[in-house]
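Data first, discussion second: the structure below is written as structure tokens.
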Amino acid sequence: MDSIIAGKTLGSVDDPLNPGQKRDEILTADFYDVGQYDNDLTFKAESILAVQAIAKLNDDFSITAQLVAKGVDDFSPEFDWYYLTYQANDNLRLMAGRRNIPMYYYSEYSEVGYAYPWMRPPANLYWWQVTQFDGLTAMYDFQFADYSNTISFFYGNEYSKDNKEMLYYDKLYGGNARTVNEYWTDITGMNWNIAGDNFELRFVYFQNDRDRETIQQDGSIDPYQPFSQTFLGLGGSVQIHNFTLLFDANFVEYDDSIGTEFPTYLISVVYNWGDYQPYVSYSKADHKRSKVPTDDLEEHYMLSYGVRYNFMPSAAFKIQYDNFVDQGHKPTGWAYHGDSSTITMGVDFVF
């Protein structure tokens, strides 16, 4: 599975963190790996080469591994997934190893561009600094009336050393940290998928503890107050004649002293016209604090238009225009993304 994508932003903006100065528009297309577009055409922000292998040990046991090389990492290969699956019976699967946290509707396929119509799932929805975990998953399939169901329970941890996103934010606000380590521990949750003839729904809930080490150049570690968080999500797709409606909504709440909340959502309409899929999508992200009065914080939306052309049975060409509007509070530095208009195009294929 591979994606070769090129893109650039189309203008300049007042630098939100340096008043009186101009800079290129910047679109962060991949928050986790800080894959960004500016006014210089680049293939590196989102291009990815990946190989997935499944080795059957016997009728019950198999091993899955995925090797990924990303342009943003100069195509240095790294094992993204690796887990053991035990097929206990026709309905029950047990998995142990490294997998994506099932946070979103497309979490299982977030790096498989061929699996969805857009160039990418909207970055201001799929924006967390941790997306994977090492742990255990139990997955049970069953039928209820005319609906197919899959319920998963999962538990694990993620010790994200040298977290790119958090180090990027440190430097963005004038820091000089050597590295930032992000720890999500005791990740405990469930995921429920329901599918019918013309729809699919996904519900997810999990909670975990969070800690962070911001290590300065002299080896000192900044003080940080750990907290726990809860994550709720509902996403899915509905087929109505030639139209597909895709949606995803998430609500993240911190158990911290200020009651931090992040409500985000996506809605997208795709028209299926032979080998062509024109689409429009709107995604919105907000940052609130329920326990203290505060001005507006981080807030932004992205309106995207594009078309996918399935020119081969296993390959698709896409072109997309993104209008990102930063509604963050400028006086307190929360409008750090800045507005941007971006054009990207590329080819996704599987083999």
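The values are calculated or read from the model by the stated rules, or taken from the named source; none is laboratory data. Please read these numbers as outputs of a predicted model, since none were measured by experiment. Here the Cβ positions follow ideal geometry from the backbone for every residue, glycine too, while neighbour counts run over all protein chains shown. Ligands, DNA and RNA are stripped out before the accessible areas are found, and what is left, the full protein with its side chains, is counted by its heavy atoms. Shrake-Rupley method; radii C 1.70, N 1.55, O 1.52, S 1.80 Å.
Here are the numbers for the structure shown:
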{"read-out": "Enumeration of residues in segment 254-276 that are open to solvent by 40 Å² or more (accessible area, probe 1.4 Å) and either part of a strand (DSSP E or B) or at positive phi (or both)", "value": "Tyr265, Ile267, Val269, Tyr271, Trp273, Gly274, Tyr276"}
{"read-out": "Subset of segment 149-180 (residues that are in a loop (DSSP other than H, G, I, E, B) and in contact (Cβ under 8 Å) with a residue 60 or more places away in the chain)", "value": "Tyr173"}
{"read-out": "Cross-chain or 6+ apart pairs with Cβ under 6 Å, segment 217-232 first and closer than 30 Å to Tyr126 by Cβ, then open to solvent by 40 Å² or more (accessible area, probe 1.4 Å) and not in a loop (DSSP other than H, G, I, E, B)", "value": "Ile221/Glu213; Tyr224/Arg212; Pro226/Asp211; Ser228/Asp209; Thr230/Gln207; Thr230/Glu253; Leu232/Tyr205; Leu232/Phe251"}
{"read-out": "Verdict on Arg99 being touching a residue at least 12 places away in the same chain (Cβ under 8 Å), open to solvent by less than 30 Å² (accessible area, probe 1.4 Å) and in contact with a strand residue (DSSP E or B) (Cβ under 7 Å, 6 or more places away or on another chain)", "value": "yes"}
{"read-out": "Unmet criterion (only one of (1) more than 26 Å from Asp170 (Cα to Cα); (2) surrounded by 14 or more Cβ atoms within 10 Å (Cβ to Cβ); (3) among the aliphatic types (A, V, I, L, M)) for Ala88", "value": "(2)"}
{"read-out": "Subset of segment 231-258 that is among the hydroxyl-bearing types (Ser, Thr, Tyr) and touching a Ser or Thr at 6+ places or on another chain (Cβ under 9 Å) - its residue that is farthest from Asn208 (Cα to Cα)", "value": "Thr244"}
{"read-out": "Residue that is most open to solvent (accessible area, probe 1.4 Å), among those in segment 277-306 that are closer than 21 Å to Tyr105 by Cβ and without any contact (Cβ under 8 Å) to a residue 40 or more places away in the chain", "value": "Tyr305"}
{"read-out": "Total residues in segment 58-71, condition more than 17 Å from Asp348 (Cα to Cα) and in contact with a Lys or Arg (Cβ under 8 Å, 6 or more places away or on another chain)", "value": "1"}
{"read-out": "Sole residue being assigned to a strand (DSSP E or B) and loosely packed, with under 14 Cβ neighbours inside 10 Å, chosen from Phe311, Phe251", "value": "Phe311"}
{"read-out": "All positions within segment 211-248 that are part of a strand (DSSP E or B) and open to solvent by 60 Å² or more (accessible area, probe 1.4 Å)", "value": "Ile221, Leu232, Leu234, Gln239, Ile240, Phe243"}
{"read-out": "Among residues of segment 154-175, those that are in contact with a Gly (Cβ under 9 Å, 6 or more places away or on another chain) and either loosely packed, with under 14 Cβ neighbours inside 10 Å or of a type in the set (Lys, Arg) (or both), counted", "value": "1"}
{"read-out": "Test: residue in segment 327-342 that is buried (at least 17 other Cβ atoms within 10 Å of the Cβ), touching a strand residue (DSSP E or B) at 6+ places or on another chain (Cβ under 9 Å), at pLDDT 95 or above and among the hydrophobic types (A, V, I, L, M, F, W, C)", "value": "no"}
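Residue-wise test of (1) open to solvent by 30 Å² or more (accessible area, probe 1.4 Å); (2) under 21 Å from Val112 (Cβ atoms); (3) in contact with a His (Cβ under 6 Å, 6 or more places away or on another chain); (4) touching a residue at least 24 places away in the same chain (Cβ under 8 Å).
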residue: Ser3; (1), (2), (3), (4): no, yes, no, yes
residue: Leu10; (1), (2), (3), (4): yes, no, no, yes
residue: Asp15; (1), (2), (3), (4): no, no, no, yes
residue: Gly20; (1), (2), (3), (4): yes, no, no, no
residue: Glu25; (1), (2), (3), (4): no, no, no, yes
residue: Phe31; (1), (2), (3), (4): no, yes, no, yes
residue: Asn39; (1), (2), (3), (4): yes, no, no, yes
residue: Ala45; (1), (2), (3), (4): no, yes, no, yes
residue: Leu49; (1), (2), (3), (4): yes, yes, no, yes
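For every residue, the table says whether it meets (1) among the aromatic types (Phe, Trp, Tyr); (2) at pLDDT below 95.
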{"site": "Leu125", "(1), (2)": "no, yes"}
{"site": "Gln129", "(1), (2)": "no, yes"}
{"site": "Phe142", "(1), (2)": "yes, no"}
{"site": "Asp146", "(1), (2)": "no, yes"}
{"site": "Thr150", "(1), (2)": "no, no"}
{"site": "Glu158", "(1), (2)": "no, no"}
{"site": "Leu172", "(1), (2)": "no, yes"}
{"site": "Gly175", "(1), (2)": "no, yes"}
{"site": "Trp184", "(1), (2)": "yes, no"}
